[in-house]
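Below: the structure, in structure tokens.
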Amino acid sequence: MYHFNDWEVIVTGGTRGIGAAVSKAFLKADARVTAVYGGNETAAAAFKDAFHDDRLEIKKLDVSDYEAVEQFFAEYDQTHDNLRVLVNCAGIRRDAIVGMMSQAEWQQVIDVNLSGSFHMSKFATQLMLSMRFGRIINITSPSGKMGFPGQANYAASKAGQVALTKSLSKEVARRGITVNCVSPGFIATDFIAELEPALTQAYKAQVPMKRFGKPEEVAQAVLFLASDAAAYITGSVLEVTGGL
Ligand SMILES: NC(=O)c1ccc[n+]([C@@H]2O[C@H](COP(=O)([O-])OP(=O)(O)OC[C@H]3O[C@@H](n4cnc5c(N)ncnc54)[C@H](OP(=O)(O)O)[C@@H]3O)[C@@H](O)[C@H]2O)c1
């Protein structure tokens with residue numbers, strides 16, 4: 001449906017879950033994809049092997065590490081000249097109620113989900129500015145708007161991504177770069193796989209459509225925001241939640 005002929009796309013968290021579906025959808029639409037992963041080598045290798053496609057490269061990178069991200073982009077710039085799309089999908093949960101949350105649980109989630117989006121966006125924007133074109137899409141969560149018990153760190157990081165999106169969108173709007181969020185509801189990935197069955201049922205009951213979403217359904221929203229059809233949309237949050 002969409003065509004991104006030889007557009008270069010970076011997807012963080014791009015070898016598993018929602019990010020993997022996003023990478024796959026861009027490849028299917030003829031883009032060239034760099035799928036970034038954090039440390040799960042097995043999943044990354046399996047993802048790469050499933051494609052046999054030289055338009056897909058995988059890259060291990062801790063998005064929470066500023067210097068590593070700077071180095072990644074310095075190398076990326078040597079070998080790529082057409083970065084059009086950045087999708088910040090890397091994310092983690094370390095759930096605990098505030099009274100029991102360790103400082104490390106707080107900090108890790110902020111570092112990966114929020115600071116990681118800042119690090120990647122900063123250097124991607126520098127490349128996109130010279131081309132006067134770009135699409136940055138941050139994967140946030142309804143948790144950032146509603147709050148969920150046990151997710152103060154996660155909700156804060158996800159609300160922060162929305163604020164980052166809105167501010168950055170205003171900085172770069174005149175230079176042909178749009179910055180938006182996609183906010184998925186409950187999506188069936190490893191991310192929520194280990195929830196207790198009773199909690200899974202309770203969450204499902206909250207969703208008006210009475211089912212969890214599929215990663216592919218989120219990917220389609222990302223591709224829409226990257227496409228020409230969304231050229232006048234910036235600073236917005238597109239919800240893919242089954243009505244949550
Ligand atoms: N699933 C849901 O219900 C849901 C709902 C709303 C929002 N979201 C958001 O959607 C995004 C993707 O979630 P998902 O369900 O696809 O999760 P997932 O299946 O657990 O995948 C998470 C991805 O993030 C990568 N990652 C984690 N820490 C990283 C780091 N420090 N540097 C680089 N990459 C890192 C992982 O890499 P490895 O494979 O190497 O571990 C993995 O590829 C997250 O931002 C999440 O907050 C998910």
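So the values come out like this:
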| item | result |
| --- | --- |
| Extreme residue, nearest to the ligand (Cβ to nearest atom), among residues of region 205-217 that are of a type in the set (A, V, I, L, M) and touching a Gly at 6+ places or on another chain (Cβ under 9 Å) | 207 |
| Residue match in region 230-243 (condition: within 16 Å of the chain's Cα centre (by Cα), within 11 Å of the ligand (Cβ to nearest atom) and more than 23 Å from residue 147 (Cβ to Cβ)) | no |
| The lone exception for residue 194 - which of (1) within 12 Å of the ligand (Cβ to nearest atom); (2) surrounded by 14 or more Cβ atoms within 10 Å (Cβ to Cβ) it fails | (2) |
| Pair list, Cβ under 7 Å, 6 or more apart: region 82-98 residue on the phi < 0 side of the Ramachandran plot, other residue of a type in the set (Lys, Arg) and more than 10 Å from the ligand (Cβ to nearest atom) | 84/135; 85/135 |
| So residue 221, is it within 26 Å of residue 5 (Cα to Cα), within 15 Å of the ligand (Cβ to nearest atom) and either surrounded by fewer than 16 Cβ atoms within 10 Å (Cβ to Cβ) or among the small types (Gly, Ala, Ser) (or both) | yes |
| Those residues of region 16-35 which are in contact (Cβ under 8 Å) with a residue 60 or more places away in the chain and either within 12 Å of the ligand (Cβ to nearest atom) or under 23 Å from residue 75 (Cβ atoms) (or both), in sequence order | 16, 17, 18, 19, 20, 21, 22, 26 |
| Sole residue being near the ligand (Cβ under 10 Å from one of its atoms) and either touching a Gly at 6+ places or on another chain (Cβ under 6 Å) or polar (S, T, N, Q) (or both), chosen from 141, 121, 102 | 141 |
| Sole exception among (1) under 21 Å from residue 189 (Cβ atoms); (2) surrounded by fewer than 22 Cβ atoms within 10 Å (Cβ to Cβ); (3) over 13 Å from the mean Cα position of the chain (by Cα) for residue 109, by number | (2) |
| Region 198-218 - residue that is outside any helix (DSSP H, G or I) and of a type outside the set (Gly, Ala, Ser) and, of those, nearest to the chain's Cα centre (by Cα) | 214 |
| In region 46-58, the residues that are out of contact with any Asp or Glu (no Cβ under 9 Å at 6 or more places or on another chain), open to solvent by less than 80 Å² (accessible area, probe 1.4 Å) and not in a loop (DSSP other than H, G, I, E, B) | 46, 47, 56, 57, 58 |
| Residue selected from region 77-89 under the condition open to solvent by less than 20 Å² (accessible area, probe 1.4 Å) and within 15 Å of the ligand (Cβ to nearest atom), by the criterion nearest to the chain's Cα centre (by Cα) | 88 |
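Okay, residues lined up against (1) surrounded by fewer than 19 Cβ atoms within 10 Å (Cβ to Cβ); (2) within 10 Å of the ligand (Cβ to nearest atom); (3) part of a loop (DSSP other than H, G, I, E, B):
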{"site": "117", "(1), (2), (3)": "no, yes, no"}
{"site": "128", "(1), (2), (3)": "no, no, no"}
{"site": "162", "(1), (2), (3)": "no, no, no"}
{"site": "170", "(1), (2), (3)": "yes, no, no"}
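The values are calculated or read from the model by the stated rules, or taken from the named source; none is laboratory data. Just so it is clear, the structure is predicted and the values come from calculations on it, not from any experiment. All Cβ positions, glycine included, derive from the backbone under ideal geometry; neighbour counts span all protein chains shown. Protein only, heavy atoms only, side chains kept; ligands, DNA and RNA dropped before computing areas. Shrake-Rupley method; radii C 1.70, N 1.55, O 1.52, S 1.80 Å.
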